[in-house]
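I have placed the structure first, in the form of structure tokens, so that the comments after it can refer back to it.
The values are calculated or read from the model by the stated rules, or taken from the named source; none is laboratory data. Computed from a prediction, not measured in an experiment: that's the story for all the values here. Positions of Cβ are generated from backbone atoms using ideal geometry, with glycine treated the same way; all protein chains shown enter the neighbour counts.
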Amino acid sequence: MYNIALIPGDGIGPEIIREGKKVIEAASSQYGLEINWIEFPFGAENFLKTGELLPDSALKEIEDMDAIYFGAIGDPRVKPGILEKEILLKARFYFDQYINLRPIRLYKGVPCPLKDKNPEDINFYVVRENTEDFYIGIGGSFKSKANQDYLVLLRKLYKAKIQVDFNLEHEEEMAYQIGLISRSGTQRVIKYAFELAKKKNMKLVTSVDKANVLTNIYGLWRDIFEEVSSQYPDIETEFTFVDAITMWFVRKPEWFKVVVAPNMFGDIITDLGAMIQGGLGIAAGGNINPEGISMFEPIHGSAPKYKGKSIANPIATILAGAMMLDCLGEEKVAQDIEDAVEKVLSEGKVRSHDLGGNYSTIELGDEVVKKLELSL
Ligand code: IPM
Ligand code: MN
């Protein structure tokens, strides 16, 4: 028996989570698993009504549960950053979910935007660091008196040819945000990436950074990558810069096996990863603390304009549910769900709107359940 915290959230969140839950229940009942869902109302609606985001009392309650199944958050009525930081990121940090595991897999039957690429070409993992880097939330903004010497120098340089239109009392607005990584925080995510490669029998781990410019932060990242990799002599390694890897994801996705990236770059490259696997409707992820409570969610957001229309694709959420069961040690149930999803996608009969079909969110969920039942 598992106790799962359910946070459907905003926009299409409740619709897709409903299908995910339906599929998990159908699959787990076949194996005699019992799931006790504990639903929480957190999200925009609840915030606007009560002023509450994700209270510590709820986090304490969830500490005694087995995992979190999360829909999506984000709502046009709330300024960007509030729900994201105070709900999603708060949970990731509170439970120290230091891995964000995002499989990039093109399933049969899913149209790929890359020319001549097939399912066997797009099948790798991005391991995104999930608690450090530019996400630590340290920053600020201020106004400073512009440096007078600097202004005088500028005037000289321009030799009065150009009219310098600021005066010496000019106040300049500035903002900064700090990116920080720690030795232990970097070590643990890189170690996880190598262990994953070992477990999946994949022979290459690619490190992502921008060590050619952000030399302090990603210089340390590289040092630690080298240290950790020396413990895995059978696994090939390489360094890539984040700008270059976006090109390689498009040009030669078949090259990649396990990619490990700092938090912000990992965020950016996995939206691209989602596109090459056929779209955000398919891309799932897990915020994992291998020693604690993990949280599973689709990579996509709350898509407010599709809310309540039953046209969102629930597949990403269903696959996130499979990842959750896998993480809980129910590998067989997880595999059954993934197989059922693969059947639905490869048959291509019951297609969601994002993949060019006109089946509803509910019909997609029902079809996955049907395939599950047929396979048993
Ligand atoms: C993601 C999202 C989040 C992130 C936002 C919603 C805070 O983009 O899960 O990729 O930046 O991590
Ligand atoms: Mn993102």
**Request:** Being under 20 Å from Ala261 (Cα atoms) and not β-branched (Val, Ile, Thr) narrows it down to one of Asp116, Asp96, so name that one.
**Result:** Asp96
**Prompt:** Among all residue pairs at least 6 apart or on different chains, which show Cβ distances below 9 Å where the first residue, located in the range 122-144, is closer than 26 Å to Lys203 by Cα and the second is among the charged types (D, E, K, R) and within 11 Å of ligand 1 (Cβ to nearest atom)?
**Reply:** Tyr125/Arg102; Val126/Arg102; Val127/Arg102; Arg128/Arg102; Arg128/Asp267; Asn130/Arg92
**Message:** Let me confirm something: among Leu114, Leu106, Leu83, Leu88, which residue is farther than 22 Å from Leu180 by Cα, in contact with an Asp or Glu (Cβ under 9 Å, 6 or more places away or on another chain) and within 16 Å of ligand 2 (Cβ to nearest atom)?
**Reply:** Leu83
**Asked** In this structure, does Tyr107 turn out to be within 15 Å of ligand 1 (Cβ to nearest atom) and either in a loop (DSSP other than H, G, I, E, B) or at pLDDT below 95 (or both)?
**Response** no
**Message:** Give me the helices (runs of 4 or more DSSP H) completely within the range 174-253, filtered to those with at least 2 residues that are in contact (Cβ under 8 Å) with a residue 60 or more places away in the chain, closer than 18 Å to Phe265 by Cα and not hydrophobic (A, V, I, L, M, F, W, C), ordered by residue number.
**Reply:** 183-199
**Message:** Against the definition (farther than 30 Å from Gly179 by Cα and either more than 16 Å from ligand 2 (Cβ to nearest atom) or under 18 Å from the mean Cα position of the chain (by Cα) (or both)), how does Ala340 come out, yes or no?
**Reply:** yes
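Suppose we keep only residues that are polar (S, T, N, Q) and touching an Asp or Glu at 6+ places or on another chain (Cβ under 7 Å) within the range 350-376. Which one would you say is modelled with the highest pLDDT?
Looking at residues that are polar (S, T, N, Q) and touching an Asp or Glu at 6+ places or on another chain (Cβ under 7 Å), I get Thr361.
This table checks each residue for (1) without any contact (Cβ under 8 Å) to a residue 40 or more places away in the chain; (2) farther than 21 Å from Ile4 by Cα.
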| position | (1), (2) |
| --- | --- |
| Cys327 | no, no |
| Ala334 | yes, no |
| Val344 | yes, yes |
| Val350 | yes, yes |
| Leu355 | no, yes |
| Ser360 | no, yes |
| Glu363 | yes, yes |
| Ser375 | yes, yes |
**Prompt:** What are the residues in the range 71-96 that are within 11 Å of ligand 1 (Cβ to nearest atom), buried (at least 17 other Cβ atoms within 10 Å of the Cβ) and not in a helix (DSSP H, G or I), if any?
**Reply:** Ala72, Ile73, Gly74
**Message:** Please pick out the residue among Ile122, Ile138, Ile68, Ile62 that is of a type in the set (A, V, I, L, M, F, W, C), more than 16 Å from ligand 2 (Cβ to nearest atom) and surrounded by fewer than 18 Cβ atoms within 10 Å (Cβ to Cβ).
**Reply:** Ile138
**Fill in**
When Ser346 is run through (1) touching a helix residue (DSSP H, G or I) at 6+ places or on another chain (Cβ under 7 Å); (2) small (Gly, Ala, Ser); (3) more than 25 Å from Leu88 (Cα to Cα), the failure sits at (1)
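Would you point out which residue out of Ile16, Ile68 is in a helix (DSSP H, G or I), within 16 Å of ligand 1 (Cβ to nearest atom) and under 17 Å from the mean Cα position of the chain (by Cα)?
Ile16
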